[in-house]
Amino acid sequence: MLIGSIIPRPIAWVSTLSTEGVPNIAPISFFTCVGRKPPRISLSIQPRSDKETLKDTFVNIRDTGEFVVNMATMAQVAAVHESAIEFEPDEDEFEMAGVEPEASTWVGAPRVKGSPVALECQLWQAIQAEDGVSHLVMGEVLGWYLRDDVHVQGRVDFGAIHPVGRLAAEYTHVNNAFVPPLDATWSPSGSVLRG
């Protein structure tokens, strides 16, 4: 009911590095911004499917204090989906999912090459849920990577990105935008109805 009611959700394609230097990447769709000055984001990280084991993403963030949120786009959606598989902690998930890493500027964790936007983050706070294995992770954005073609006049050009998100279990492609008319009522069919 929760994931079917809160839609569409952005996908944080989170890359981390273990203390042993093993790269990890995973999509997390319980993700949003929680602060402006300083810029902060949140991730809600559940345990593995056994409902007992902590996900590598959380362990790496907890142990290193760093992570990168890469934007999930249509061009890389197959790799985003593949990276949701529960690989072993000693497996390079970039390699397993066919994703090319690229060095970050502000943190040690790599970012995803080809992702148009990446938020390089430092752990600000982690709160353990009542079940003992789910965590709310909040990070401060230390810096942004923006591909040149998506940074237009100081803003991120949505039209050049082709982002994807989640509905319930399904994905959705963000491919349009509109501004509601101020003097009309918008019907479900998209027609403008005037009173």
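The values are calculated or read from the model by the stated rules, or taken from the named source; none is laboratory data. Everything numeric in this text was worked out from a predicted model, so none of it was measured. Positions of Cβ are backbone-derived with ideal geometry, glycine not excepted, and every protein chain shown enters the neighbour counts.
Give me the pairs: first residue in the range 141-153 and in contact (Cβ under 8 Å) with a residue 60 or more places away in the chain, second residue among the aliphatic types (A, V, I, L, M) and surrounded by 15 or more Cβ atoms within 10 Å (Cβ to Cβ), beta-carbon distance under 6 Å, and six or more apart or on different chains, which are they?
V141/L119
Taking into account only those residues within the range 121-176 that are hydrophobic (A, V, I, L, M, F, W, C) and in a loop (DSSP other than H, G, I, E, B), which is surrounded by the fewest Cβ atoms within 10 Å (Cβ to Cβ)?
Residue satisfying both the conditions and the ranking: A169.
Being over 30 Å from Q125 (Cβ atoms), touching a strand residue (DSSP E or B) at 6+ places or on another chain (Cβ under 6 Å), at pLDDT below 90 and polar (S, T, N, Q) is the requirement here; does S187 meet it?
Considered against the rule, which asks whether it is over 30 Å from Q125 (Cβ atoms), touching a strand residue (DSSP E or B) at 6+ places or on another chain (Cβ under 6 Å), at pLDDT below 90 and polar (S, T, N, Q), S187 comes out as yes.
Select from the range 154-184 the residues that are farther than 25 Å from L2 by Cβ and aliphatic (A, V, I, L, M) and write down the one among them that is modelled with the lowest pLDDT.
The residue in question is A184.
Just for strands (runs of 3 or more DSSP E) wholly inside the range 1-112: which have at least 3 residues that are surrounded by 13 or more Cβ atoms within 10 Å (Cβ to Cβ) and either touching a residue at least 40 places away in the same chain (Cβ under 8 Å) or of a type in the set (G, A, S) (or both)?
Of the strands (runs of 3 or more DSSP E) lying wholly inside the range 1-112, those with at least 3 residues that are surrounded by 13 or more Cβ atoms within 10 Å (Cβ to Cβ) and either touching a residue at least 40 places away in the same chain (Cβ under 8 Å) or of a type in the set (G, A, S) (or both) span 12-17, 23-28, 40-45, 66-71.
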